[in-house]
Amino acid sequence: MQETRSYPIVSIVIPCRNEQNYIEKNINSILNQNYEGEIEILIVDGMSDDGTRDIVSSYQDSGVILLDNPHQFTPHAMNIGIHEAKGKYFVILGGHSFLDENFVRYNVEVLEQNEDIGCCGGQIKNVYENEEGEIIAKAMASKFGVGNATFRVGGNAGFVDTVAFGMYRAKIHQEIEGFDEELVRNQDDEYNFKLSKAGYKIYFDPKIVSHYYVRGSYKKLYKQYYQYGYWKVYVNKKHNTVTSVRQLIPFFFVLSLIAGIVLSFVHYSFFYMLFLGVFSYSFLAFLFGFKKAEKLNDSFKIASVFPILHFSYGFGYLVGIFDFIVRKKKPSKRSKTLSRK
């Protein structure tokens, strides 16, 4: 007699607010998973007023659970959903995303094989909806744009410091005290840092694929990465450490630009150094833009996105140091506004 295999329950928690254009594809990608076990879908809605709730409600016969998030901030939604989840494993999935059909199966296979792994994830493939979004997507898939963030640029299977849309062991959530509800941004990075600090490993497997809609304008991209840099300082202050070295590179990039401009008024040699630095950066930006471009003209467009990514993050980090370290402030209301608006 053949032994029947038991598949663990997986809970997928989706924080969302006003996602009527994306939530249906999101849910369908979960319902169409190639996984023999039970998948629980919990959508934690920040009181949407655009029809999102009606769309989600239409899936209740498929077992989709709708929960309220009166706080309207992402980390609150994450904790609300996980508190109600019954799965052995859980995934936090963004509303502006959808999954490849084997996403759940591949994640579970990794976690079932190694108890030391607390989180498993894969590569995000960028999706765009307009011409600016296409250029942004290509820049964000470049190592020059986002560094060695494996989940964005791809790579070989192995241990990493963070992933996006990772699958976690549910038992860890209480152990590391859940998602920090003070953090409007970087809450997933901070969660992964706590997980690693607790002795668990994070594993990347390129077979695991999700899709993410990038910002559709340069202005929204700037705001998004400014917030990433700004909130990263707050995370570092809370933990009294720099959680990853690569976060410092955009900060030093901005600092060197400011120093070069100021010192150019002191001695002309600094102006030449600044010029050489800017020229070298521009050359590399074009070179990496050319690698991602299908047309020569797109090389310049992609190259123009790199300084948006780097300067916005670095400048946000600099302002964060001034606010949180020097002035010892708490995050302002303005810093909590959504970057997609």
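Below, the figures for the structure above:
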read-out: Contacts under 9 angstrom Cβ, first residue in the stretch 17-28 being touching a residue at least 12 places away in the same chain (Cβ under 8 Å) and among the hydrophobic types (A, V, I, L, M, F, W, C), partner assigned to a helix (DSSP H, G or I) and open to solvent by less than 50 Å² (accessible area, probe 1.4 Å), 6 or more apart; value: Ile23/Thr52; Ile23/Ile55; Ile23/Val56; Ile27/Ile55; Ile27/Val56
read-out: Selection count, the stretch 118-143, where residues are out of contact with any Ser or Thr (no Cβ under 9 Å at 6 or more places or on another chain) and either of a type in the set (Phe, Trp, Tyr) or buried (at least 20 other Cβ atoms within 10 Å of the Cβ) (or both); value: 6
read-out: Qualifying positions in the stretch 71-110 - modelled with pLDDT under 95 and over 16 Å from the mean Cα position of the chain (by Cα); value: His71, Gln72
read-out: Any hit, the stretch 83-105, residues being among the charged types (D, E, K, R), in a strand (DSSP E or B) and open to solvent by 60 Å² or more (accessible area, probe 1.4 Å); value: no
read-out: Residue count, the stretch 2-27 (criterion: of a type in the set (S, T, N, Q) and within 19 Å of Gly166 (Cα to Cα)); value: 2
read-out: Flag if Gly154 is touching a strand residue (DSSP E or B) at 6+ places or on another chain (Cβ under 6 Å), open to solvent by less than 30 Å² (accessible area, probe 1.4 Å) and not aromatic (Phe, Trp, Tyr); value: yes
read-out: Set Val235, Val254: member being in contact with a Leu (Cβ under 7 Å, 6 or more places away or on another chain), at negative phi, open to solvent by less than 60 Å² (accessible area, probe 1.4 Å) and modelled with pLDDT under 95; value: Val235
read-out: Among the candidates Gly178, Gly216, residue that is closer than 24 Å to Gly95 by Cα and open to solvent by less than 10 Å² (accessible area, probe 1.4 Å); value: Gly178
read-out: Within the stretch 289-341, considering residues that are assigned to a helix (DSSP H, G or I), modelled with pLDDT of 90 or more and among the small types (Gly, Ala, Ser), the one farthest from Asn148 (Cα to Cα); value: Gly320
read-out: Candidate set from the stretch 224-277 (those that are within 14 Å of Tyr317 (Cβ to Cβ) and among the basic types (Lys, Arg)); member that is farthest from the chain's Cα centre (by Cα); value: Lys237
read-out: Among residues of the stretch 262-283, those that are more than 21 Å from Lys143 (Cβ to Cβ) and open to solvent by less than 90 Å² (accessible area, probe 1.4 Å), counted; value: 7
read-out: Pairs with Cβ under 7 Å, 6+ apart, first in the stretch 150-173 and farther than 20 Å from Pro15 by Cα and without any contact (Cβ under 8 Å) to a residue 60 or more places away in the chain, second open to solvent by 20 Å² or more (accessible area, probe 1.4 Å) and assigned to a helix (DSSP H, G or I); value: Arg152/Val146; Val153/Lys143; Val153/Val146; Val160/Thr150
read-out: Residue in the stretch 163-182 that is in contact with a Ser or Thr (Cβ under 7 Å, 6 or more places away or on another chain) and not basic (Lys, Arg) present; value: yes
read-out: In the stretch 185-204, residue modelled with the highest pLDDT [restricted to those that are open to solvent by less than 40 Å² (accessible area, probe 1.4 Å) and in contact with a Phe, Trp or Tyr (Cβ under 6 Å, 6 or more places away or on another chain)]; value: Tyr191
read-out: Count - residues of the stretch 159-180 that are in contact with a strand residue (DSSP E or B) (Cβ under 7 Å, 6 or more places away or on another chain) and on the phi > 0 side of the Ramachandran plot; value: 1
read-out: Complete set of residues in the stretch 43-82 that are in a helix (DSSP H, G or I), open to solvent by less than 20 Å² (accessible area, probe 1.4 Å) and without any contact (Cβ under 8 Å) to a residue 40 or more places away in the chain; value: Thr52, Val56
read-out: In the stretch 1-34, the residues that are closer than 24 Å to Lys171 by Cα, of a type outside the set (A, V, I, L, M) and either open to solvent by 30 Å² or more (accessible area, probe 1.4 Å) or in a helix (DSSP H, G or I) (or both); value: Arg5, Ser6, Tyr7
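The values are calculated or read from the model by the stated rules, or taken from the named source; none is laboratory data. Just so we're clear, the structure is a prediction, and the values are computed from it rather than from any experiment. Every residue, glycine as well, gets a Cβ built from its backbone with ideal geometry; the counts of neighbours run over all protein chains shown. All accessible areas refer to the heavy atoms of the entire protein, side chains included, with ligands and DNA or RNA removed. Shrake-Rupley method; radii C 1.70, N 1.55, O 1.52, S 1.80 Å.
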